[in-house]
1. If you line up the long axis of helix B:22-37 against the longest principal axis of chain B, both from Cα atoms, how many degrees apart are they, to the nearest 10?
2. Using only atoms on other chains, find how many Cβ atoms lie within 10 Å of each Cβ of peptide B:201-212 and report the average.
3. How shielded is B:146-155 by partner chains, expressed as the average number of their Cβ atoms within 10 Å of its Cβ atoms?
4. Choose one answer from B:GLU16, B:GLU298, B:GLU226: the residue with the largest mean-square fluctuation in a GNM of chain B with alpha-carbon springs under 10 Å.
5. Relative contact order for chain B: what percent, with Cα pairs under 8 Å and sequence separation of 6 or more?
6. If you take the square roots of the eigenvalues of the alpha-carbon gyration tensor of segment B:134-268 and sort them as a ≥ b ≥ c, do you get rounded (a/c under 1.5), prolate (a/b over b/c) or oblate?
7. For a footprinting-style exposure proxy, rank B:ASP19, B:ASP36 by other Cβ within 10 Å, fewest first.
8. Normalise the Debye intensity by I(0) for the protein assembly as shown, one equal point scatterer per Cα, no solvent, then take log10 at q = 0.09, 0.10, 0.11 Å⁻¹ and round to two decimals.
Amino acid sequence: MVVPRFWRERRHRYSLIGTRCPVCGTVYFPPRNVCPKCGRKSLGKMEEFQLSGKGKIYSYTIVHQNVLGYKYQKPYIMAIIETPEGPKITAQIVDIEPEEVHIGMPVRAVFRRITEDGKAGIIQYGYKFVPDWEELEK
Amino acid sequence: MRDVAIIGAGETKYGEHWDKSLRDLAVEAGLKALEDAGIYAEDIQAIFGGNMSAGSFVGQDHVGALMADFAGLAETMIPAMRIESACASGAAALHAGYMAVASGLYDIVLVGGVEKMTDLPGDMVTDILAGAADREWEVFFGATFPALGAMMARRYMYEFGMTREQMALFPVIAHKHGALNPDAHFQREITVDTVLNSAMVADPLTIMNCSPVSDGAAAVVLAPAEIARKYTDSPIKISASTFANEYISLHSRESLVRSVSTIEAGKKAYKMAKKEPKDIDLVEIHDAFSIIAIIGLEDLGFAKKGEAHKLAEEGQLYYDGDLPYNPSGGLKAKGHPVGATGVGQVVEIVKQLRNEAGKRQVEDAKVGLAHNVGGTMTSSIIHILEVM
Ligand SMILES: [Zn+2]
């Protein structure tokens, strides 16, 4: 793959920037150009919105059979995380053993290497989530 | 709109066809359907072919033209197009063929579905199938297609307390039926222990909770219902053909334990066919993963939310039970050549309604329902068929 495919998403993937519909207030991640609730009324009006990176595990799995580019990471934990801002996000959970993960666990986003395009291709970065120890110890 | 009937049906055996190519499979199924209808290739006025990803699986696009060409139809110059809706490509092709005949534009239409999946190593197949989900926001971060199914299952188990043992009953039933179907990919019975102890794919789904990678093709011939008896003594009416979509990624949905697209397509199908769940004599439900079948059965009104496993526990889902479920063996045991599956489900229902299903024949079958989904239940397509 050529660089622009990953470059064009860098702000969303590096900094968790999604969009907010000013008509109904719903926050979306990944970003959308049209609000599914407001349709044309939202067209051209969607605003950038940065998520806090906090969240809770909504569901998760331990992946033993990978898609291409993830061979050396398996088994790894994939999760859907619910954020306090509204959107849910699909991401890996790292820095924890699979047995310790559970639904409802507080997590926070970190910036990590995601995968690479073979030996010569570009290295792709983005978010993964780690246990939010501050919240867990409360 | 005219009523539409199926006047012929045929399919290949599903499985690992090392000796057959994409075109071999498609042509074999197509010719069987024509033979069954008692017509010749030159009687066909249009072809709609379901196929998810031949471009990735074997590097071949322009599948419609290829099928028509190798079915011997190049010189008739009829329209032939490939229809894609991920794992629901087959049913999507049937929906398109149905519209073409119902509208009056064409009379005799061939609907096919084909997938050649075993020409590539497993990790590449896994990657291609993941294209049914959101490549940039689910798959990029490491989600496989089974991983997404697993997260649906985990959430369902969390909300309703279903156990892995209860979920394992669905593949057990599928294999019991597959053992009665000589065209099924797997014809061997399994137990709950087989399911629980097989290799973990994406926790809590073991490989036995997942449909296999299969080659295969299926085809049906459509005609206006009013002239169907000219071709066959046992035409099967398509009483409903409905299609609904929702958010492609799981994370965009309010719930992981219900499929709003299945609910919507189901509601419309029952209305269109003037039927209720209790009128359905057998179902072919999409069981790419056990959890999808469980949610499908519930959202089509066959069980209360959270309770589909009770149907399995009570033995109702066997072909001789109260709700004959996937008598073909389903995606799990009959196999899942993705683009063929939706058409293959309908071929099974046609066989059942014509009383030609052999050892797995459902008694007194008059009305059947096929449920084919694309992605993580993103697209849901329902067909209700009945004897006429
Ligand atoms: Zn809005």
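1. 60 degrees
2. 3
3. Mean partner shielding for this stretch: 6.
4. Ranking B:GLU16, B:GLU298, B:GLU226 by mean-square fluctuation puts B:GLU226 first.
5. 26 percent
6. oblate
7. So the residues, fewest neighbours to most, are B:ASP19, B:ASP36.
8. For the protein assembly as shown, the Cα-only Debye profile gives -0.63, -0.78, -0.93.
Bear in mind these aren't lab numbers, they're just calculated from the coordinates by the rules spelled out. This is a predicted model, so every value here is computed, not measured. Cβ coordinates were reconstructed from backbone atoms using ideal geometry, including for glycine residues, and neighbour counts include every protein chain displayed.
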